[in-house]
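Here the structure is laid out as structure tokens; the discussion comes afterwards.
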Amino acid sequence: MRNKIIDIAKNEIGYKEYSSNHTKYGKWFGVQDEWCAMFISWLANQVGILNTLIPKQAYVPTMAQWFKSKELFRTRGLFPQKGDIIFFDYNSNGIPDHVGIVEKCECDIISVIEGNKSKQVKRCTYDVNNSEIYGFGIVQYPEGEKKKTNVEKLNSVVSVQSYLNAKYGFSLILDNIFGIKTKTSLVKALQIEFNNTYSSNLVVDGIFGVKTKGACQNVRFGATGAIVYLIQAMLICKGYDLVLDGLFRK
């Protein structure tokens, strides 16, 4: 269903309001007004999850509060998943004033499809740490509720968190969310392995700075071990469909 809602959103890119704040989304909603939240509600209605996983709402702060009330809201710094709802606070006053839907998140860049962006539906990109990001509504799409196969368990963020806890003694919450703590723990683990394998003498601080980047080595096809595990772990957290098995293979 994540793919379905994003496919529908992509098909809407380029749609423009036909007069001041007048759109087909407002006509569907029953109110012709600021329409970024109405666009999100319209998308939810298209895939049959309106008022169950995403609320019917025209007011952005109330939409954000809906996710908060269900403990499905996360602050800026999260690496969101496709189909999550992203909220913006352009005025930096602690109140969200714009909303969009996450198309994808790769290499710290979030691609977002937004309604009422320059009076149209538009795709925009943001750094994951952009100060205008208020936070994210986590949408629990039905496929996330299904019992996972062994392969699916091995290519999820929670599998990475479990591995880091077991191997390096971290205490990450197994929430399947690639947030700051999980990212920092991944970098710390990489620094530990660089020190153990290559005597890199890195400070284990979880910051991927110049020295850590400089310590990176090429990994060849067929390689195995902890560093391969960590490369796979980072790619899985960025959304790549890999199995966490520590083996570099096709």
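Results, tabulated for the structure shown:
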read-out	value
Single residue of the range 232-246 satisfying the filter (buried (at least 18 other Cβ atoms within 10 Å of the Cβ) and more than 17 Å from the chain's Cα centre (by Cα)) that is farthest from VAL158 (Cα to Cα)	GLN232
Residue in the range 168-185 that is more than 28 Å from LYS104 (Cβ to Cβ), in contact (Cβ under 8 Å) with a residue 24 or more places away in the chain and either out of contact with any Pro (no Cβ under 6 Å at 6 or more places or on another chain) or not in a loop (DSSP other than H, G, I, E, B) (or both) present	yes
Selected residue (only one of ILE85, ILE113 is touching an Asp or Glu at 6+ places or on another chain (Cβ under 6 Å), hydrophobic (A, V, I, L, M, F, W, C) and under 18 Å from TYR25 (Cα atoms))	ILE113
Meets criteria (at pLDDT 95 or above and either assigned to a helix (DSSP H, G or I) or over 14 Å from ALA233 (Cβ atoms) (or both)) for VAL204	yes
Residue list for the range 117-127, filter: assigned to a loop (DSSP other than H, G, I, E, B) and touching a Lys or Arg at 6+ places or on another chain (Cβ under 8 Å)	LYS119
Residue in the range 29-47 that is more than 18 Å from PHE87 (Cβ to Cβ), crowded, with 18+ Cβ neighbours inside 10 Å, in contact (Cβ under 8 Å) with a residue 40 or more places away in the chain and not charged (D, E, K, R) present	yes
Residue list for the range 120-139, filter: at pLDDT 90 or above and more than 24 Å from ILE13 (Cα to Cα)	SER131
Residue, modelled with the highest pLDDT, within the range 75-116, restricted to residues that are out of contact with any Lys or Arg (no Cβ under 9 Å at 6 or more places or on another chain), in a strand (DSSP E or B) and surrounded by fewer than 19 Cβ atoms within 10 Å (Cβ to Cβ)	ILE109
Counted residues, the range 60-74 - those being loosely packed, with under 14 Cβ neighbours inside 10 Å and touching a helix residue (DSSP H, G or I) at 6+ places or on another chain (Cβ under 9 Å)	1
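The values are calculated or read from the model by the stated rules, or taken from the named source; none is laboratory data. Just so it is clear, the structure is predicted and the values come from calculations on it, not from any experiment. For neighbour counting, all protein chains shown are included, and Cβ atoms are generated from backbone atoms with ideal geometry for every residue, glycine included.
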